[in-house]
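Take a look at the structure set out below.
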Amino acid sequence: MIVKLLLDRKREGHALTPDEIRALVAAYTRGEVPDYQMAAFAMAVCCKGMTDAETLALTTAMRDSGECLSWDDLPMPTADKHSTGGVGDKLSLVIQPLAAACGLGVPSLTGRGLGLTGGTADKMESIPGYVAGLSLADYRKVVAACGCSLTVQTGEIAPADKKLYALRDVTGTVPSIPLIVASILSKKLAEGAGTLVFDVKCGAGAFMQTRPEAVALAKALVAGAKGAGRKSVALVTAMDEPLGFTVGNALEVQEAIDVLKSNGQGARCPSDVVDLSVELSARMVSLAREMPLDEALELCRARLADGSAYARFADMVRLHGGDLGAFEEEQRRVEDAVPCRVEAASSGFVATIDAQRVAQAAFELGAGRAQSTDTIDPAAGVRLLVTHGGAVSAGQPLAMLYAPRRRERLAVAARLVQDAIAISPGASAATPLVLEGVE
Ligand code: URA
């Protein structure tokens with residue numbers, strides 16, 4: 001293989017053969033193709049695109065660059081959900097145990113947060129003692145014992161994606177649908193779940209900001225999964241406003257626990273988190289157990305209401321070494337010592353809650369990382385006290401800010417949250433949560 005000749009052809013918009021793509025990815029993974037040539041390849045794909053056959057070859061080559069797990073030894077069907085990432089997106093914490101309580105095995109490896117979007121592994125590690133970095137052998141044992149496990153992804157899964165994604169991040173080559181599809185799908189396919197549900201977030205707080213872009217990605221993911229022999233569905237869901245009331249690691253874990261413990265009802269259970277968790281879990285159950293969607297929805301609501309989803313969550317946390325009692329006690333202590341409130345400057349109705357600004361505020365408070373080596377403060381974050389369309393009067397508290405380790409950033413974060421919550425004289429309806437389904 002002469003890499004320069006492949007690059008010449010790709011630059012001119014010609015399709016490479018599956019064998020050429022496989023050879024390129026394998027050589028890059030072994031360190032035989034330098035980053036500058038792979039960056040040129042990624043840029044050529046960004047500019048000229050890829051055929052479906054090329055995208056599939058890239059996906060499967062990246063999948064096969066590392067370990068591919070099989071769950072055939074589990075007695076139940078397996079499914080996984082992937083979200084393209086949004087502000088306050090703690091749905092995996094509810095969906096994994098809920099789908100497990102509905103009879104599925106949910107082998108899902110999770111990531112750490114970088115930039116404004118939080119990572120599920122970081123969220124779970126705000127529980128004292130919780131070990132997200134299990135060995136593959138221990139991860140298997142946890143999934144076999146309770147049906148689910150929130151474990152951090154290791155270098156053994158799709159290492160070609162790990163290298164290529166880091167390169168794309170610094171060479172302006174992230175926004176290319178074939179590259180995004182190959183990146184997401186290679187990992188999900190290697191993780192081995194039998195069926196996949198994609199939650200493609202769309203809006204100001206999401207990676208895909210417009211509906212046509214989000215729908216195109218959703219269609220490409222479903223088509224790619226089908227090409228690789230995996231059944232999947234995608235939902236395009238709204239991400240202009242944060243999901244739920246909380247943004248920040250421990251705050252989000254507590255919110256997920258509140259949803260699971262109080263059976264999806266009550267003042268501390270945001271309806272968007274409950275509704276979307278049930279909808280996505282039901283899609284997983286319907287696909288994996290070949291059950292009509294109506295029945296799957298009913299089953300998910302029942303398993304949330306009867307406490308069996310919470311029982312799975314508690315089992316999973318215990319098996320990962322976590323102490324839920326200590327977590328909830330510490331959380332009550334942090335939330336009782338309220339350091340900063342943001343109040344409404346005028347009376348009216350909440351017109352929008354800008355997800356990006358709320359995420360920036362949480363980041364300022366210490367909830368995120370600018371670089372992968374930064375440490376985060378699990379207790380830092382924002383609790384919203386109002387929702388879209390709600391009536392507010394001047395001086396009413398709109399949000400609480402928590403920053404035990406970065407009190408000097410409270411003023412900046414408070415300004416961001418104040419600007420994020422727009423108040424208008426009239427009430428407006430919220431955007432529907434699910435914008436489109438793709439099968
Ligand atoms: N998430 C991924 O895992 N890969 C991408 O390319 C984009 C988002």
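Values as computed for the structure displayed
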| item | result |
| --- | --- |
| 17 Å Cα-Cα reach of Lys201 towards lysines, excluding residues that sit fewer than 8 places from it in its own chain | Lys81, Lys90, Lys219 |
| With every protein chain in place, the stretch 1-121: carbon and sulfur % of accessible area (1.4 Å) | 54 percent |
| Ordering of 35-42, 216-223, 69-76, 418-425 by burial proxy (mean other Cβ atoms within 10 Å per residue, highest first) | 216-223, 35-42, 418-425, 69-76 |
| Lys188 accessible area, 1.4 Å probe, all protein chains in place, Å² to nearest 10 | 10 Å² |
| Pairwise FRET efficiency - Asp374 versus Cys68, Cβ, R0 = 35 Å, nearest 0.05 | 0.65 |
| Listed residues Glu12, Glu343, Glu279, most fluctuating in the chain (Gaussian network, C-alpha, under 10 Å) | Glu12 |
| Estimated dipole of the chain in Debye, rounded to 20 [Cβ of Lys and Arg +1, of Asp and Glu -1, Cα centre] | 560 debye |
| Hz values of 3J(HN,Hα) by residue in the stretch 29-41 - Karplus curve (6.51, -1.76, 1.60), Gly and Pro given as x | 5, 7, x, 8, 10, x, 4, 5, 6, 5, 5, 5, 4 |
| Rg/Rh for the stretch 324-372, where both radii come from Cα atoms and Rh is the Kirkwood radius | 1.08 |
| Amide H contacts of Ala399 (H built 1.01 Å from N, under 5 Å, at least 5 apart or other chain) | Val342, Leu385 |
| Neighbourhood charge, 12 Å Cβ-Cβ cut-off, centred on Gly244 and excluding it, Lys, Arg +1 and Asp, Glu -1 | -4 |
| Over the chain, equivalent-ellipsoid semi-axes from the Cα gyration tensor in Å | 36, 26, 21 |
| For the stretch 16-40 versus the stretch 118-192, the gap between their alpha-carbon centres in whole angstrom | 22 Å |
| Total formal charge among the other residues, if their Cβ is under 13 angstrom from that of Val215, Lys/Arg +1 and Asp/Glu -1 | 0 |
| Per residue, in Å², the accessible surface of the stretch 198-290 once ligands and nucleic acids are set aside, probe 1.4 Å | 32 Å² |
| As computed over the stretch 67-193, the Cα convex hull volume per residue (Å³) | 114 Å³ |
| Gyration tensor (alpha-carbon) shape descriptor, the stretch 352-439, a/c threshold 1.5 | oblate |
| Rounded percent of accessible protein surface that carbon and sulfur make up, the stretch 189-253, 1.4 Å probe | 59 percent |
| Computed over the stretch 1-120, Cα set: Rg, Dmax in Å | 18.6, 53 |
| Per-selection metrics, the stretch 196-256 (Cα): Rg and Dmax in Å | 13.9, 39 |
| Nonlocal amide H pairs with Val392, under 5 Å, H built at 1.01 Å | Gly348, Phe349, Val350 |
| Karplus (6.51, -1.76, 1.60) ³J(HN,Hα), θ = phi - 60°, over the stretch 303-317, in Hz, Gly and Pro reported as x | 6, 6, 5, 8, x, 6, 5, 5, 4, 5, 4, 4, 4, 4, 4 |
| Residue-wise HN-Hα coupling along the stretch 95-112, computed from phi with Karplus coefficients 6.51, -1.76, 1.60 (Hz; x: Gly, Pro) | 5, 4, x, 5, 5, 5, 5, 9, x, 9, x, 10, x, 9, 8, 10, x, 9 |
| Rounded to whole Å, sorted largest first: equivalent-ellipsoid semi-axes of the stretch 118-203, Cα gyration tensor | 26, 15, 14 |
| Cβ-based charge dipole, the chain, positive-most Cα from Val350, Ala326, Leu221 | Leu221 |
| Rounded accessible area of His14 (nearest 10 Å², 1.4 Å probe) | 100 Å² |
| Protein-only accessible surface order, largest first, of Lys141, Lys261 at 1.4 Å | Lys141, Lys261 |
| Compactness relative to 2.2 N^0.38 Å, alpha carbon Rg of the stretch 92-131 | 1.31 |
| D_trans [Stokes-Einstein, Kirkwood Rh over alpha-carbon pairs] for the stretch 223-288, 20 °C, 1.002 mPa s, µm² s⁻¹ | 157 µm²/s |
| The stretch 337-377, accessible surface, carbon-and-sulfur percent (1.4 angstrom probe) | 46 percent |
| Interchain or long-range residues, amide H under 5 Å from Glu436's placed H | Val236 |
| Leading residue at positive end of dipole, the stretch 97-235 (Cβ point charges), from Gly118, Ile184, Ala166 | Ile184 |
| Magnitude of the charge dipole, the stretch 191-294, Cβ model with Lys/Arg +1 and Asp/Glu -1, debye to 20 | 440 debye |
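The values are calculated or read from the model by the stated rules, or taken from the named source; none is laboratory data. Nothing here was measured: the structure is a model prediction, and the numbers come from that model. Here the Cβ is made from the backbone with ideal geometry for all residues, glycine too, and neighbour counts use every protein chain on show. Side chains included, ligands, DNA and RNA excluded: accessible areas come from the protein's heavy atoms. Shrake-Rupley method; radii C 1.70, N 1.55, O 1.52, S 1.80 Å.
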